[in-house]
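Structure record follows, encoded as structure tokens.
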Amino acid sequence: MEAATAARPLPPPGETRPQRSWRWLREHAINLYSVVAIAYMLIPIAVIIVFSFNDPVGKYNLVWSGFTTQYWGDPFAITELTDALKVSLELAALSTLVSTIIGTMMAIALVRHQFLGRRFANVLIVIPMATPEIVIGASLLSMFLLAGLQTGFMTLLIAHVMFCISFVVVVVRSRLIGFDRSLEEAARDLGCTALQTFRFITFPLIAPGIIGAGMLAFALSIDDFVISNFNSGTTVTFPLYVFGANQRGIPVQVNVIASMLFAVTVFAMAFTVIQQRRAEKMAAVRPIDE
Amino acid sequence: MTQSNRRRLLPYLLLAPGIIWLVIFFVLPMIYMGRLSLETGTLGNFQFNWQFSNFTDSLSAYQTQFLRSLYYAGVATILCFLIGYPLAYAIAFKSGRWRNALLFAVIAPFFTTYLIRTLAWKTILDDQSPMVNLLSTLGLAPDGRVLATSGAVIAGLTYNFLPFMILPIYANLERLDMRLVEAAKDLYSNSWTAFRKVTLPLSAPGIVAGTLLTFIPAIGDYVNAVFLGGTQQSMIGNVIQAQYLKVLDYPTAAALSFTLMAFILIAVLVYIKFAGSEALMEEEAR
């Protein structure tokens, strides 16, 4: 009884039922609000998944008209859609690879070295993130036009690597900042060469950061619409297909593939979180100031 | 090469590929776009001749769309703040063991394609959807329509950019020193006053960051206007996209893009000046 009294004050004597309900409501208002707000964030996702089981009448998958698993049975039936998805995956894989390597190198230089021009490099990395996508897309297209370069897969790759680099740098840098350098010094003291130290100490410790950065780059690339819209030429990525199909009617397979991508991302997320926790345990050899 | 020379060169070697990429594919395109915005002529035969009237002409031709974009993005940003702040607050202070689950729910929309999320709103706001039926029964949708109204586009923008508002505010609140709030309460301020005088001002850096992250992409957006709006809702992004990809009037398109960027830059500078230069500095110093 003592503990309960300490945790929350007893209701004042003589409180009527409506008064009590009102007090309960006031105390829990923020929690109730959170439930509503979270529902608001999740409803569109639920709609996407639910409508992947819809059996629409006509070309537009906008009105619920009956349950079917038909489209889950044949998600790759529409050739243009499947091709667009393949282009997107290929593009995302390549731009992730290139931007992660380039971005990690930049992050290492920025955290580990003092040099002239560091401020300039930082500014150059931050500004693209603060520039609206439409301006990035438009300016790249302007250059390709004036340079007489045909837009297509190549220009898409250039653009995607460009906007992924900054995000990779930010993620890897934050991992490097929380890094205990005495582990590297210990390795050097024990006779490791610089390269061995990097290979056996530095890299494994920042690897979760690099993987996280790579996943972010992949997600940014596969989701990008605006910049791709300007620089794709005749190449069609998954978002570009969806945009084009908006006028002609969107096949249910779009919802099926979107639901699949959602599931894959959730699993990948869970996997990285687990990996990250494991890496933190590994790094916990050092004293943590908490 | 001596050891110290190599050490001095190493950061430049590490940076070189990235810097070169960003200069060639971010800085240089801006210069090209500047050049294009000052050209005249017809497709295939553009001439560079310092045509500054491209800017004034395009601005007066499309000022409606400019103002509309400002209005939509402004309202969406305010709505994001009003919806997002209490949620960020609840996650930071009231969620207990549900915290990670709630954070997951906040970023979950990012796990689906932006266009498809917007398309889901098209489904939800469709003329025959239960939601719109309910709204028109309540007299909130006068012609039984929500799609192709300003409200629909603003709702779409609000939904799509909400996580950008919530996450910085949450990150800020999470680091907040609760002892300050306790001190305020010890000094006899009630919960609301403590919030207003302590928590809210201290979370200003998060609010400033969230506002910018919401406003900047929202003002240049054209996806929501295409999917959820009609011809009366087209934003400046729609104009720029159409001029570049359909009309092929590149100088006008380039001039409009530059104007948009200048516009955002001015808006951001004014905002930071009035709303929190100190707040931002503080964030920078962390």
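Think of chain B as a dipole: +1 on every Lys or Arg Cβ, -1 on every Asp or Glu Cβ, centred on the Cα centre; then among B:Ser53, B:Pro201, B:Val132, B:Pro201 lies furthest on the positive end. Return a whole-number percent for the relative contact order of segment A:176-290, with Cα pairs under 8 Å and 6 or more residues apart as the contact set. It comes to 29 percent, rounded to a whole number.
Rg/Rh for chain A to two decimals, with Rh computed the Kirkwood way over all alpha-carbon pairs.
Ratio of gyration radius to Kirkwood radius: 1.10.
With each pseudo-label sitting 7 Å past Cα toward Cβ, what's the A:Ile30-B:Ser4 distance in nm, one decimal? Placing both labels 7 Å along Cα→Cβ, they lie 5.7 nm apart.
How would you rank B:86-94, A:245-253, A:113-121, highest first, on the average number of other Cβ atoms within 10 Å across their residues?
Values: B:86-94: 21.8, A:245-253: 17.0, A:113-121: 12.1.
By packing density, highest mean first, the sequence is B:86-94, A:245-253, A:113-121.
Toward the positive end of the charge dipole of segment B:85-243, with +1 on the Cβ of Lys and Arg and -1 on the Cβ of Asp and Glu, the farthest Cα among B:Ala90, B:Leu228, B:Ser191 is that of B:Ser191. About its Cα centre, the protein assembly as shown has a charge dipole of approximately 1080 debye under the convention of +1 per Lys or Arg Cβ and -1 per Asp or Glu Cβ, with nothing else charged.
Given R0 = 22 Å, the distance between the Cβ atoms of A:Phe153 and A:Met129 translates into a calculated FRET efficiency of 0.35.
Among the residues of B:73-86, the average count of other protein chain beta-carbon atoms within 10 Å of the residue beta-carbon is 1. Applied to segment B:177-185, the Karplus parametrisation 6.51 cos²θ - 1.76 cosθ + 1.60 on θ = phi - 60° returns per-residue 3J(HN,Hα) values of 7, 5, 4, 5, 5, 4, 4, 4, 5 Hz, with x for Gly and Pro. Would chain B count as rounded, prolate or oblate if I go by the C-alpha gyration tensor, calling it rounded below 1.5 in a/c and otherwise prolate when a/b exceeds b/c, oblate otherwise? Oblate. With θ taken as phi - 60° and the Karplus curve 6.51 cos²θ - 1.76 cosθ + 1.60 applied, the whole-hertz 3J(HN,Hα) list for segment A:46-51 is 4, 4, 4, 5, 4, 6 Hz, x standing for glycine and proline.
Across segment A:264-273, rounded Karplus estimates of 3J(HN,Hα) from the backbone phi angles (6.51 cos²θ - 1.76 cosθ + 1.60, θ = phi - 60°) give 4, 4, 4, 5, 4, 4, 4, 4, 5, 4 Hz, Gly and Pro being marked x.
Taking each residue in B:5-18, count the Cβ atoms of any other chain within 10 Å of its Cβ, then average. What number comes out?
Values: counts 0, 0, 1, 3, 1, 6, 13, 6, 2, 11, 14, 4, 7, 19.
Taking the mean over all residues of the peptide, I get 6.
Excluding residues fewer than 8 places away in the same chain, name every one of the lysines whose C-alpha is closer than 20 Å to that of B:Lys122. Straight-line reach from B:Lys122, under 20 Å: A:Lys59.
Set the bar at 25 Å for Cα to Cα. Now go through B:Lys94/B:Lys197; A:Lys281/B:Lys94; B:Lys185/B:Lys273; B:Lys94/B:Lys185 and name every pair that lies beyond it. Please report the intermediate quantities before stating the final value.
Numbers: B:Lys94/B:Lys197 20 Å; A:Lys281/B:Lys94 28 Å; B:Lys185/B:Lys273 31 Å; B:Lys94/B:Lys185 18 Å.
Table pairs above 25 Å Cα-Cα are A:Lys281/B:Lys94; B:Lys185/B:Lys273.
Counts of other chain beta carbons within 10 angstrom of each beta carbon in peptide B:120-126 average 6. A dipole drawn for segment A:1-130 from +1 and -1 charges on Cβ atoms has a positive end, and of A:Tyr60, A:Ser88, A:Val35 the residue lying farthest that way is A:Val35. The distance linking segment A:178-248 with segment B:89-160 is 31 Å (Cα centroid to Cα centroid, whole angstrom).
Using Cα-Cα distances under 8 Å and only pairs 6 or more residues apart, what relative contact order does chain B have, in percent? It comes to 26 percent, rounded to a whole number. About its Cα centre, chain A has a charge dipole of approximately 540 debye under the convention of +1 per Lys or Arg Cβ and -1 per Asp or Glu Cβ, with nothing else charged.
The charge dipole of segment B:17-145, taken about the Cα centre with unit charges on the Cβ atoms of Lys, Arg (+1) and Asp, Glu (-1), comes to about 600 debye, rounded to the nearest 20.
Once C-alpha pairs closer than 8 Å and six or more residues apart are averaged by separation and normalised to the residue number of chain A, the relative contact order reads 29 percent.
Among A:21-28, A:56-63, A:161-168, A:216-223, what's the highest-first ranking by average C-beta atoms within 10 angstrom per residue?
On the way: A:21-28: 11.0, A:56-63: 15.5, A:161-168: 25.4, A:216-223: 22.4.
Ranking, from highest mean packing down: A:161-168, A:216-223, A:56-63, A:21-28.
No value in this document is a laboratory result; all are computed from the given coordinates. Computed from a predicted model, the values in this text were never measured in an experiment. Counting neighbours? That spans all protein chains shown, and the Cβs are built from the backbone with ideal geometry, glycine included.
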